[in-house]
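Q: Dropping a structure here in structure tokens format, bear with me for questions.
The values are calculated or read from the model by the stated rules, or taken from the named source; none is laboratory data. Keep in mind that what you see is a predicted model, and the values were worked out from it rather than measured. As a convention, Cβ positions derive from the backbone with ideal geometry for all residues, glycine included, and neighbour counts pool all protein chains shown.
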Amino acid sequence: MTTMQPSYTDDINTVQNLIKSFEGTWDGINPESVARMRAQNRFQTGLDIARYTAKIMRRDMEAYDANSANYTQSLGCWHGFIGQQKMISIKKHFGETKGRYLYLSGWMVAALRSEFGPLPDQSMHEKTSVPALIEELYTFLKQADARELGMLFRDLDKARDQKDTKAEAAIQGQIDSYQTHVVPIIADIDAGFGNAEATYLLAKKMIEAGACALQIENQVSDEKQCGHQDGKVTVPHEDFLAKVRACRYAFLELGVEDGVIVTRTDSLGAGLTKQIAYSKEAGDIGDQYNAFLDCDEIDPSQLNGNDVVINREGKLLRPKRLPSNLFQFKEGTGEDRCVLDCITSLQNGADLLWIETEKPHVEQIAGMVDRIREVVPNAKLVYNNSPSFNWTLNFRQQVFDTWLAEGKDVSSYNRDQLMSVSYDETELAQVADEKIRTFQQDGSKRAGIFHHLITLPTYHTAALSTDSLAKEYFGDEAMLGYVKQVQRREIREGIACVKHQNMAGSDVGDDHKEYFAGEAALKAAGEDNTMNQFNEAAE
């Protein structure tokens, strides 16, 4: 396990002794260069990462239990570079990565990573693309470590050349206490991509790639839909719990004993089930699931050979079966089913809950969590702050409805037109914006939300920024459109990628060339490297 790291100096001494033991045959190896390469490659395997990050999540969950202000956050990723830049930005702006994770969205894998081309979020993409993306994300995060440590090593060499012992000691302290860009990834395994055995096999691949947290949903694998679309079909609890256990077995087999399982319920918006649950006796979990079925009481004489019937309290009931061969739940039972789903999951191995809702409403979420916590007091949620919600309209309508209920005059507002730009500077809009700003804080305090994530942020930011650039570059601004909107801002805001050769690993490669070939190394970072034009920060 890679939880305790030797100090930089200790590692140099260890390697030096190893080299000496080979009686001169390894004297061409510089022990400090080896120590640097080791520091830049702290995590040798995905399992190293999974074990390390699982402990981070467990500590964060304990901190949240002690104080709900200690909630955590993440943004969804669809490429290693995107995840890398998020963590570089977080370290730049906040000085540390504590409480900030990455989320791997199945929606974005389907839409952006499938060999079939863009697909809807229906588990039609290659399931191997999910562990491949986890591995890619951590490859880029480790490269961010290598790059940043390489810059510290250069500073250390400069301090030594200048015989500045105070600076040398300070830089060596930064190296010894270096905080990695490697953070937990909550990875979407959809509905398991098949039966429990298929779920187990995929879970192993995801954990081996570095995932410490798996998020699995209670939909039918072959009928899976995006959580914010219609037509969702859930499965009986025992079917779902078999997959939850499969994930736990995968964690334990691979020695990731702190692995985190997030169970997601789509029952709030799912009105259908593919099958009637098996029940041994009244009141068991199968019977509770079936109690939500929309049924008609039927006389035995009216039965035909294709009818499915259940017996409840001496009454013969025929569940409503659709032409799709799916069974229908009673209307208005979504919240009750969500509560039962969550309690059952927590009592059978889940660590965190995910309730997929149709709108971001703190009290709606809290109403369900209050009921769950009557049975499981420390129940905690992961919540999707989804771009599928119209946040502006939802919160303006929430404020409108609150004001109306309080008797406040809302005659100057049209509830159906509150998205209009004409309302942007109004009191209602300002109150709504403040509620959006504090939604995560309020949700974590009131509704038990431990982790807030946005599933598809960079899908939307990439589209928005590309639209803006295309408009300017292909229009009258031409090259000035790029310079003003991109490069000049990169320079003045200190965006590391303005030196894209460095970001891609050119300087790390130069270091290796020097380790291997000494003065004969042909390095890229010379006077003629145009990246030198960005060495001086703009004032």
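Q: Name the single residue, out of those in segment 258-317 being outside any loop (DSSP other than H, G, I, E, B) and free of Cβ contacts under 8 Å to residues at least 12 places away in the same chain, that is farthest from Thr357 (Cα to Cα).
A: Ser301
Q: Looking only at residues that are without any contact (Cβ under 8 Å) to a residue 60 or more places away in the chain and not in a helix (DSSP H, G or I) in segment 198-223, which one is surrounded by the fewest Cβ atoms within 10 Å (Cβ to Cβ)?
A: Of everything passing the filter in segment 198-223, Val220 is surrounded by the fewest Cβ atoms within 10 Å (Cβ to Cβ).
Q: Oh, and also: Is at least one residue of segment 63-72 in a helix (DSSP H, G or I) and buried (at least 18 other Cβ atoms within 10 Å of the Cβ)?
A: Looking through segment 63-72, at least one residue is in a helix (DSSP H, G or I) and buried (at least 18 other Cβ atoms within 10 Å of the Cβ).
Q: Let me ask you something else. How many of the residues making up segment 164-196 are part of a helix (DSSP H, G or I), more than 24 Å from the chain's Cα centre (by Cα) and not polar (S, T, N, Q)?
A: Going through segment 164-196 one residue at a time, the tally reaches 9.
Q: Next question, about the same structure. Residues that are under 21 Å from the mean Cα position of the chain (by Cα) and on the phi > 0 side of the Ramachandran plot: does segment 206-220 have at least one?
A: yes
Q: Show the residue pairs that are 6+ apart or on different chains and have beta-carbon atoms under 6 Å apart, the first residue being within segment 58-79 and under 21 Å from Ile189 (Cβ atoms), the second being outside any helix (DSSP H, G or I) and of a type in the set (Asp, Glu).
A: These pairs meet every condition: Arg58/Asp258.
Q: Still on this structure, I have one more. Exactly one of these conditions fails for Cys338: (1) touching a residue at least 60 places away in the same chain (Cβ under 8 Å); (2) part of a loop (DSSP other than H, G, I, E, B); (3) among the hydrophobic types (A, V, I, L, M, F, W, C). Give me its number.
A: Of the numbered conditions (1) touching a residue at least 60 places away in the same chain (Cβ under 8 Å); (2) part of a loop (DSSP other than H, G, I, E, B); (3) among the hydrophobic types (A, V, I, L, M, F, W, C), the odd one out for Cys338 is (2).
Q: Farther than 19 Å from Ala187 by Cβ and part of a helix (DSSP H, G or I): is that true of Ile88 in this structure?
A: yes
Q: Could I ask something else about it? Quick one: which of Leu102, Leu149, Leu141 is out of contact with any strand residue (DSSP E or B) (no Cβ under 6 Å at 6 or more places or on another chain), closer than 18 Å to Cys77 by Cβ, crowded, with 18+ Cβ neighbours inside 10 Å and not acidic (Asp, Glu)?
A: Leu141
Q: Scan segment 181-197 residue by residue and report those that are surrounded by 15 or more Cβ atoms within 10 Å (Cβ to Cβ) and out of contact with any Ser or Thr (no Cβ under 8 Å at 6 or more places or on another chain).
A: Scanning segment 181-197 gives Ala187, Ala196.
Q: Still on this structure, please answer the following. Filter segment 1-19 down to the residues that are surrounded by fewer than 13 Cβ atoms within 10 Å (Cβ to Cβ) and at pLDDT below 95, then identify the one that is farthest from Ile175 (Cα to Cα).
A: Only one residue fits best here, namely Met1.
Q: When both residues are 6+ apart or on different chains and their Cβ atoms are under 6 Å apart, which pairs have a first residue that lies in segment 434-462 and is farther than 24 Å from Gly83 by Cβ, and a second that is of a type outside the set (A, V, I, L, M, F, W, C)?
A: So the pair list comes out as Lys445/Ser68; Gly448/Lys380.
Q: Can you find a residue that is part of a loop (DSSP other than H, G, I, E, B), more than 22 Å from Gln174 (Cα to Cα) and polar (S, T, N, Q) anywhere in segment 23-39?
A: yes
Q: Considering segment 438-491 alone, what residues qualify as being surrounded by 14 or more Cβ atoms within 10 Å (Cβ to Cβ) and among the small types (Gly, Ala, Ser)?
A: Gly443, Ser444, Ala447, Gly448, Ala462, Gly481
Q: Something else about it: When the residues of segment 71-107 are filtered to those that are over 18 Å from Ser177 (Cα atoms) and aromatic (Phe, Trp, Tyr), which remaining residue is modelled with the lowest pLDDT?
A: Once the filter is applied, the top-ranked residue is Trp107.
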